[in-house]
Amino acid sequence: MIDDLEPVALRDLKALGAPRSWQVDTSLDQLPSLTPVRGSLSAEHKGNVLAVEGELQTIVTLTCDRCLGQFNRKLSCKPSELIWLGKTPPSDFQLRESDQISEPDGLVECLDPRGTFEPRQWAFEQLSLQLPVVNRCGEDCPGPSIPSRQANHADPDPRWQALRELQWE
Ligand SMILES: [Zn+2]
């Protein structure tokens, strides 16, 4: 499949007058994954805003914060986003005047209308948002290895500290 997730000029999207769609089957440099990133995304120029939506999935290999073992995690998302087309974020007045935007809170980004939309970067950002904040390999996590458990002065888990205090009372 042709990997054409290249940046596209916003003025070209405007001239198109219809949604532009991409099939996604690629790997992202910034997000190494076990399987290719697959799915689709589309972007439509609507005057003041760019409406972007997609469906993306992949499997990444993460390192458990606790046992340091590696585990695989499926990432999948169906994001949709309105990106404001302006050099600066819209004013309250512009938001009220724009009939495209019913939920100003959903508008977090803006793009220079003379710039480009980067589908690859967008896909990376959406998948990155799916990454867990804390990596746990699962319920069967064997926990920290023995040596680090014995180093109790540096034990970061407050529950162990509470246990120790109980034992010494
Ligand atoms: Zn683990």
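The values are calculated or read from the model by the stated rules, or taken from the named source; none is laboratory data. Treat the numbers as computed from the prediction; the structure is a model and nothing was measured. Virtual Cβ from ideal backbone geometry, glycine too; neighbours counted across all protein chains shown. The area values use the complete protein model at the heavy-atom level, side chains included, leaving out ligands, DNA and RNA. Shrake-Rupley method; radii C 1.70, N 1.55, O 1.52, S 1.80 Å.
Points to keep in mind about this one:
- Fully extending the segment from residue 141 to residue 12 would add 41.4 nm, taking 0.36 nm per residue of separation and subtracting the current Cα-Cα distance.
- Debye-sum result for the range 8-142 in log10 I(q)/I(0), which assumes one identical scatterer on each alpha carbon, at q = 0.10, 0.16, 0.20 Å⁻¹: -0.41, -0.85, -1.11
- Taking 141, 110 and ordering them by how much accessible surface each has at a 1.4 Å probe, largest first, produces 110, 141.
- Per-residue SASA entry for residue 88, accessible area with 1.4 Å probe, Å² rounded to 10: 90
- Potential extension, residue 68-residue 23 segment - 0.36 nm per residue separation minus Cα distance: 12.7 nm
- The gain in end-to-end length when the residue 40 to residue 61 segment is fully stretched comes to 5.4 nm, 0.36 nm per residue minus the alpha carbon separation.
- Separation of the residue 87 and residue 114 label points, Cα + 7 Å toward Cβ, nm: 0.8
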